[in-house]
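Here's the structure we're looking at; comments come further down.
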Ligand code: ITT
């Protein structure tokens, strides 16, 4: 089965590709020469994931899925949440976003947060959603060079190091994205 992954985030493609069974051939937006910007106008991850998969399905009529994810910090009433990619500014870098987060949480003792991912799978025009969450805490400073996004400031519950200190396999064994993806793979197996 061929599926388009409607993302322009190469890190997401690498993480997802390595978990998919070989029977599913993944095509990226680059592979299909899709260069239009899809505006994420939803107010939830669910809405944004579906906006992205619907946009690709309606312009290609090919089965596809999209994913939206974010970091939700309790002390900040769930921010950056759905705005995680553009927390510091539109087109901000991961480093700018994590720096802003650490400044917002300066002198804060409640550092609980969770990552959430929602996949929207669009098969023959019908969408199904799958989500995954991992709870943890935000560090006081950036730790580790691996991963991407907010990985260097997030320690999953039950662990002592950030996602950025883990190997890809270690992160994938527990991550929000893997949890959601396993649900989607199970569903695809039932089709
Ligand atoms: P799309 O093309 O798929 O939209 P994106 O990078 O814009 O890619 P999102 O809109 O889903 O991605 O924004 C999520 C942001 O949250 C992303 O830019 C990262 O900074 C952060 N994020 C998501 N998953 C993460 C993970 O596993 N580890 C660290 N940060 C993550």
In region 132-170, how many residues are modelled with pLDDT of 95 or more, part of a helix (DSSP H, G or I) and within 12 Å of the ligand (Cβ to nearest atom)? 5
Can you pull out every residue in region 1-18 that is within 14 Å of the ligand (Cβ to nearest atom), at pLDDT 90 or above and not in a helix (DSSP H, G or I)? 4, 5, 6
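Looking at region 171-185 only, could you name the residues that are touching a helix residue (DSSP H, G or I) at 6+ places or on another chain (Cβ under 7 Å) and either more than 25 Å from residue 100 (Cα to Cα) or part of a loop (DSSP other than H, G, I, E, B) (or both)?
172, 178, 181
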Matching entry among 130, 119 (being crowded, with 18+ Cβ neighbours inside 10 Å, within 25 Å of residue 58 (Cα to Cα) and free of Cβ contacts under 8 Å to residues at least 60 places away in the same chain): 130
Hits in region 95-120 (condition: near the ligand (Cβ under 10 Å from one of its atoms) and closer than 21 Å to residue 180 by Cβ): 115, 116, 117, 118
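Every residue in region 66-94 that is under 17 Å from the mean Cα position of the chain (by Cα), within 11 Å of the ligand (Cβ to nearest atom) and assigned to a loop (DSSP other than H, G, I, E, B), please. Break it down into steps so the answer makes sense when it comes.
Going residue by residue through region 66-94, those that are under 17 Å from the mean Cα position of the chain (by Cα) are 66-73, 78-87, 91-94.
If we keep only those that are within 11 Å of the ligand (Cβ to nearest atom) as well, we get 66-72, 80-87, 91-94.
Across region 66-94, the qualifying residues are 87, 91, 92, 93.
The values are calculated or read from the model by the stated rules, or taken from the named source; none is laboratory data. Being a predicted model, the structure only gives us computed values, none of them experimental. Here Cβ is always computed from backbone atoms with ideal geometry, including for glycine, and neighbour counts include all displayed protein chains.
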